[in-house]
1. With +1 on each Lys and Arg Cβ and -1 on each Asp and Glu Cβ, and nothing else charged, work out how big the dipole of the stretch 74-123 is about its Cα centre, in Debye to the nearest 20.
2. Could you order the peptides 163-176, 21-34 from most to least packed, using the average number of other C-beta atoms within 10 Å per residue?
3. Considering the options ALA142, TYR184, ILE241, tell which one lies farthest towards the positive end of the dipole of the chain, charges being +1 on Lys and Arg and -1 on Asp and Glu at the Cβ, about the Cα centre.
4. Based on the mean of other Cβ atoms within 10 Å per residue, sort peptides 270-282, 97-109 so the most packed one is first.
5. Please label the shape of the stretch 1-101 as rounded, prolate or oblate, based on the square roots a ≥ b ≥ c of the eigenvalues of the alpha-carbon gyration tensor (a/c under 1.5 means rounded; beyond that, a/b larger than b/c means prolate, else oblate).
6. Under a 1.4 Å probe, what is the accessible area of the chain per residue, stated in Å²?
7. Assuming a viscosity of 1.306 mPa s and a temperature of 10 °C, what translational diffusion coefficient in µm² per second does Stokes-Einstein assign to the stretch 125-259, Rh being the Kirkwood radius over Cα pairs?
8. If you find the alpha carbon centre of the stretch 85-106 and of the stretch 125-174, how far apart are they in angstrom?
Amino acid sequence: MTDKFASRAVVGRFAPSPTGPLHIGSLVTAVGSYCLARQAGGRWLLRIEDLDRPRVVPGADAVILSTLDGFGLHWDGEVLYQSRRSARYEEALETLRRRGLVFDCACSRKEVLASAPHAGEEGPVYPGTCRHGLAEGRRPRALRVRVPEEMVCFSDGVFGPVQQCLASAVGDFVLRRADGLFAYQLAVVVDDADSGVTQVVRGTDLLGSTARQVYLHSCLGTSVPQYVHLPLALSAAGEKISKRHGGLACPAPSQAAATLCRVFDFLGQQPAAELRDGTVEEILAWGVANFSCERVPRQASVFVDLPG
Ligand code: GLU
């Protein structure tokens, strides 16, 4: 991996949504992105994705921060909060508006569903109803970006070459929702660009969003980061790990070390047996020196044994 990034200093990031404490699934992403950034001698940033106010749990950000600390995952610089960056998202929308790339849309979710030509990867494909202007008497609700018919291509550090035709897979997508909230797709691109992020490591649940983000970078004229998607942790019952499987808040050091080893096992990294008695610092240092994307299972998800 390292050679590919030789031309620009690596900046990685971890961007949790503060909807609850950190759990083993999110720790997998944090550890993977930390190891890859540090292995390249790069910076590792932390961003709290708290735009979706109704889903934010008060105090969850502080718990996430102290949990990361407990696992030895120390970030560089100030923590960025998306909720404080509305002016930047507004500016980015203005840039896109000037370039003729966005349009007002009056459609309700129900209307999109009813008139969608077919289901895309994430629900109905927007049928283009308001693309050429609002019909008489219609009130603008959301703001959408026009997508081209061409394939958007990128290379993922684990999954290799990926391509997606946005027009047939998602259609013109929302950048500002009808409730006024900036969409995740917009915020993530503006933030990654503003922070100089060159390496995005996250779960495979966002692999399907990546082409949209690559496209938005091209619309805004910002550099596309390298993407690495790691498998999602599933419980033995096959469910995505979530809050109800228990958080990892402030682990005792011995527990943190054992959990880190399990994370490396999960990511196919095969930590040496003697490492299992090591400290958090030793295990992480091993991960930084040895983490390899080649060993990560090329799977959307992997089962993980949950304690208790
Ligand atoms: N905030 C997202 C999450 O917690 C991650 C977004 C990203 O890494 O791009 O799933």
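1. Working: 8 positive and 9 negative charges, 38 e Å.
I would put it at about 180 debye.
2. Details: 163-176: 19.6, 21-34: 24.4.
Descending packing order for the listed peptides: 21-34, 163-176.
3. ALA142
4. Working: 270-282: 13.7, 97-109: 15.5.
Descending mean neighbour count gives 97-109, 270-282.
5. On the way: a/c = 2.43, a/b = 1.12, b/c = 2.16.
Oblate.
6. Working: 14120 Å² over 308 residues.
Value for the chain: 46 Å² per residue.
7. Working: Rh = 17.5 Å.
This corresponds to a translational diffusion coefficient of 91 µm²/s.
8. Taking the Cα centre of the stretch 125-174 as reference, the centre of the stretch 85-106 is 15 Å away.
The values are calculated or read from the model by the stated rules, or taken from the named source; none is laboratory data. These figures come from a predicted structure and were not determined experimentally. Glycine also receives a Cβ, built like all others from the backbone with ideal geometry; neighbour counts cover every protein chain displayed. What goes into the accessible areas is simple: the full protein's heavy atoms, side chains included, and nothing from ligands, DNA or RNA. Shrake-Rupley method; radii C 1.70, N 1.55, O 1.52, S 1.80 Å.
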